[in-house]
């Protein structure tokens, strides 16, 4: 057989030669193709992994930016709420100073500057006060318009009238009134029926009965109820008292209607018209009582419900109490925007005699049940700040007072060295040797809550 070299033909020209060479090249070609495919797949996987890492980093960066923006807006909203609180304190101080400058009978009423619904305070069609990238609203409530839980409302007759106002039945009135008094008084014995024996043991037994547990409960039973035997620190403590239910406290049934949080409750004041359900709901204990350790009730700012409680406690006549309370409220004369005028305000308690339907001999009885006045010294300030999507609310109870200092006493302290020389120098520079009484208008924070 002749070879291809002998015949002068190349392998590419010989079909047999081609068939002999191609089988040898196929594994090399297939390996190259597989390598190229593996490189392509590996490249694609690297692109996918890098894309996922980039997307994750972008998402994390986006979340951090949003979190930083939220923290900034939250801080700005809190600062705006504090600015609103400062404005409210300034209004209260200025109102007291204006009353002092009038050189007439000092009284506080709903026509004062702190109670008006304009100038940034919550009111109809009010958009608040803009500041920076946000705004704030302020609402001031007179705590003296309510019954003090530690003084006035601790009278048994007043407590019964208060519980009747929130719709309790006679049997429930006696039980809850006794429970509130036992929770507050300093001793550990039940002082009023139906309670008997030691307070904690009696009310623990009543709790077990209400929970359908063992009604007999021997002396070794664990105590499930303890009386504080001290003053109420907050109004919310009423929920710890035996017999006080959430419906009685809030005025709504929590199982049927959601109780709004403080921020939503404050935002509801911005609505031009209150919802029908809110108008028709039963008044709650939290709307009628306060904790300020002061017995007086301001007849110029007290709502009709509080006036009815005081009048009912003095007269024991619900119809006459409602009539006189409505006549007192009608004398305040609000305008179309909801602002009140002080023209019909009482300058002193004796002017109650001019109210229609008010017996003259009833005023001394009212003073024995609850000391009435026309002055207010405790206020609750609601200040809402808004920046972007963040809202912060500050609720503060403040005590306003006109403090009078006698210079003779102060000079003795300075001259004896009880006060630093720098402060004494400031005092001498400001007052010199003036011996007239020094008046100072103060508004001090008693309670502070942030939401």
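The values are calculated or read from the model by the stated rules, or taken from the named source; none is laboratory data. This structure is a prediction, so every number in the text was calculated from the model and none was measured. Cβ sites come from the backbone with ideal geometry, for glycine too, and all protein chains shown count toward neighbours.
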Does the range 237-248 include one or more residues that are over 28 Å from residue 200 (Cα atoms) and more than 19 Å from the chain's Cα centre (by Cα)?
-> no
Quick check, is residue 73 without any contact (Cβ under 8 Å) to a residue 12 or more places away in the chain, assigned to a helix (DSSP H, G or I), more than 30 Å from residue 400 (Cα to Cα) and out of contact with any helix residue (DSSP H, G or I) (no Cβ under 6 Å at 6 or more places or on another chain)?
-> no
Condition check for residue 181: modelled with pLDDT of 90 or more, under 26 Å from residue 368 (Cα atoms) and touching a strand residue (DSSP E or B) at 6+ places or on another chain (Cβ under 8 Å) | no
Is one or more of the residues making up the range 102-112 at pLDDT 85 or above, outside any loop (DSSP other than H, G, I, E, B), touching a helix residue (DSSP H, G or I) at 6+ places or on another chain (Cβ under 6 Å) and surrounded by 13 or more Cβ atoms within 10 Å (Cβ to Cβ)?
-> no
So which of 38, 11, 55 is at pLDDT below 90, over 36 Å from the mean Cα position of the chain (by Cα) and not in a helix (DSSP H, G or I)?
-> 11
Count, please, the residues in the range 362-378 that happen to be closer than 20 Å to residue 150 by Cα and assigned to a helix (DSSP H, G or I).
-> 4
Going by the structure shown, is residue 289 under 30 Å from residue 198 (Cβ atoms), surrounded by 13 or more Cβ atoms within 10 Å (Cβ to Cβ), modelled with pLDDT of 65 or more and in contact with a strand residue (DSSP E or B) (Cβ under 6 Å, 6 or more places away or on another chain)?
-> yes
Only unsatisfied item for residue 347, checking (1) modelled with pLDDT of 85 or more; (2) closer than 25 Å to residue 116 by Cα; (3) touching a helix residue (DSSP H, G or I) at 6+ places or on another chain (Cβ under 8 Å), is (3)
Somewhere in the range 325-339, is a residue part of a helix (DSSP H, G or I), more than 32 Å from the chain's Cα centre (by Cα) and either surrounded by 14 or more Cβ atoms within 10 Å (Cβ to Cβ) or modelled with pLDDT under 90 (or both)?
-> no
What do you reckon, is residue 140 over 25 Å from the mean Cα position of the chain (by Cα) and either at pLDDT 85 or above or assigned to a helix (DSSP H, G or I) (or both)?
-> no
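Condition check ((1) in contact with a helix residue (DSSP H, G or I) (Cβ under 8 Å, 6 or more places away or on another chain); (2) surrounded by 19 or more Cβ atoms within 10 Å (Cβ to Cβ); (3) touching a residue at least 40 places away in the same chain (Cβ under 8 Å); (4) over 25 Å from residue 205 (Cα atoms)) across all residues:
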| position | (1), (2), (3), (4) |
| --- | --- |
| 145 | yes, yes, yes, yes |
| 151 | no, no, yes, yes |
| 165 | yes, yes, yes, yes |
| 176 | yes, yes, yes, no |
| 183 | yes, yes, yes, no |
Residue 251 passes all but one of the listed conditions (1) modelled with pLDDT under 90; (2) buried (at least 16 other Cβ atoms within 10 Å of the Cβ); (3) out of contact with any helix residue (DSSP H, G or I) (no Cβ under 7 Å at 6 or more places or on another chain); the exception is number (3)
Within the range 113-125, restricting to residues that are surrounded by fewer than 17 Cβ atoms within 10 Å (Cβ to Cβ) and in a loop (DSSP other than H, G, I, E, B), the one that is modelled with the lowest pLDDT is 124
Being modelled with pLDDT under 90, closer than 26 Å to residue 147 by Cα, more than 16 Å from the chain's Cα centre (by Cα) and in a helix (DSSP H, G or I) narrows 278, 204 down to just 278
The range 350-359, residues that are over 13 Å from residue 314 (Cα atoms) and in contact with a helix residue (DSSP H, G or I) (Cβ under 8 Å, 6 or more places away or on another chain) | 350, 352, 353, 355, 356, 357
